[in-house]
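None of the figures in this text is laboratory data; all of them are computed from the coordinates on show. On a predicted model such as this, the values are computed, not experimentally measured, just so you know. Glycine also receives a Cβ, built like all others from the backbone with ideal geometry; neighbour counts cover every protein chain displayed.
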Amino acid sequence: MFLHNVGIIFFVLNYVTVHCKPKNVLVLLGDDVGFESQIYDNKICKTPNLNKLASRSVVFNQAYTSVSSCSPSRSAILTGLPQHQNGMYGLHHSVHHFNSFDDVRSLPYLLQKAGIRTGIIGKKHVGPEYVYPFEFSQTEENHSILQIGRNITYMRHYLHKFLHNNDSRPFLMYIGFHDPHRCGHVHPEFGSFCEKFGNGEPGMGVIPDWKPVSYNTDDILVPYFIQNTEIAKQDIAAQYTTISRLDQGIGLMIKELELAGVLDDTLIIYSSDNGIPFPNGRTNLYDAGMAEPMLISSPSDTHRWGQKSEAMVNLVDIVPTVLEWFGLDYPTYKLNKQIVKLTGKSLLPILHEEPTSGWNSVYASHDLHEVTMYYPMRVLRKRQYKLIHNINYKMPFPIDQDFYLSPTFQDLLNRTRHKKNLNWTKSLKSYYYRPQWELYNIINDPQELKNLAYNKQFIDVLRSLKVELNQWQNITNDPWICAPGGVLEASGTYKYTPSCLPLDNDTEEQYDESEYTISVV
Ligand SMILES: [Ca+2]
């Protein structure tokens, strides 16, 4: 009897020790970072700290953003909802002034309600504050964005402060690096990627924890979607130098976790908000803008460390992943009169074992970047085919202020004006003017150059993808669901029979009612 009781007591103590450890989450988000790393077979751009994180992570080879624009993507990461559903249609700062809907239940809101400590250091770029409440908040709202987003020593100081305040609650810490975002149009004195900021040269200041890495333009390998010119190579070399600050920053932050004794209790998620700021990248939903790096390190599944996953995952999967990590359910509530359903799924099962089925499609949705840049697109990306719907295809694709002044875009403009060879797979005209539908066979045509949408051989493929895209637009309550061929009527006479009504506005193809269906959810 006595021995039996000892056994029970031992079991209870052991259970408490193993299962009541705080289980934390650290999100490390790069700003406009892509695949410039040996992890993704770039042999030039050195990222030793990311490599080290990869050795204790699952490396996702098929991760995609929900939208290739800063604030909309960050809102999708933090709400699990695409931008057209959470309301953050474009950039949050300055005149753009986009915000998520007041009733959105974001990750920091849900975690705070569940007694989990929440912190943010670096770039936030979403609002309003009451939708995205972080208990510990060191962002561009109370610091210079250059300091809190690019000065890795300054950022480390705040992480240290967060980790050493005698609070034993589990936590979510979200670190938004501003690197390697461009800065040429705001701070040209620091170089096109702020690659000189804090490098110790006269007038540039010093970031004690950063050892800048320089690159020779002769060594740069130009990605297929950028023109192969000397100016583009110089631009990429500057981006690589800034990536060395991001990489070393990531190493510093992980070291802080280790020193605080919580590394082995913490799920670490690394990714980027959108594609790199080059043609076809950021603000585009070609793969150059939509595909993202992603590493997830789970201390519970060390047997998967260093392995790769081919599951097609999306940044909207982060909310269900973190909720499951903390053992929380997503609440039942309505937004714009419709019950909100997460379309993302928890990635924790993938961290345990590579899935043998499912995970074969991702969606994306873009409306604006800057307030003037209205260019709505909806995308379904599968393993073989990709469908892009350019809703306002008759207007030119817009260019943002930051990218416009970049050496790479100026090079494209100057070469076009002077009728020089672009050394690019496109012309500016074809880049600006896109058809309503783009359909690519990604396996045969990974550069997305041969549009099959108007090839009769692919009519069934096109139809089937359109139906799937329409279903997702229904589930996510997409206000653009009838555009551009119709108008959505969902109140008054149409309250119980919401419908797309045809405009007869002469779009490129006949209005087909079966492709514009509204299902009452
Ligand atoms: Ca960004």
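Among the listed residues 288, 232, 311, 237, which satisfies the condition of being surrounded by fewer than 23 Cβ atoms within 10 Å (Cβ to Cβ) and part of a helix (DSSP H, G or I)?
Checking each option against the conditions leaves just 237.
State all residues of segment 25-67 that are closer than 23 Å to residue 244 by Cα, among the β-branched types (Val, Ile, Thr) and more than 16 Å from the ligand (Cβ to nearest atom); if no residue qualifies, say none.
Answer for segment 25-67, where residues must be closer than 23 Å to residue 244 by Cα, among the β-branched types (Val, Ile, Thr) and more than 16 Å from the ligand (Cβ to nearest atom): 39, 44, 47, 58, 59.
Evaluate the following for residue 105: is it under 20 Å from residue 127 (Cβ atoms) and basic (Lys, Arg)?
Answer is yes for this residue.
Out of all the residues in segment 68-105, which are in contact with a Pro (Cβ under 8 Å, 6 or more places away or on another chain) and away from the ligand (no atom under 16 Å from the Cβ)?
80, 84, 99, 100, 102, 105
Can you tell me which residue is surrounded by the fewest Cβ atoms within 10 Å (Cβ to Cβ) among those in segment 141-187 that are within 16 Å of the ligand (Cβ to nearest atom) and in a strand (DSSP E or B)?
That would be 175.
From (1) more than 24 Å from the chain's Cα centre (by Cα); (2) free of Cβ contacts under 8 Å to residues at least 60 places away in the same chain, pick out the condition that doesn't hold for residue 195.
(1)
Applying the selection to segment 334-385, what residues are crowded, with 17+ Cβ neighbours inside 10 Å and farther than 30 Å from residue 298 by Cβ?
335, 366, 367, 368, 369, 370, 373, 375, 376, 377, 378, 385
If residue 359 satisfies all but one of (1) out of contact with any Ser or Thr (no Cβ under 8 Å at 6 or more places or on another chain); (2) more than 29 Å from residue 466 (Cβ to Cβ); (3) not β-branched (Val, Ile, Thr), what's the number of the condition it fails?
Result: residue 359 fails condition (2) only.
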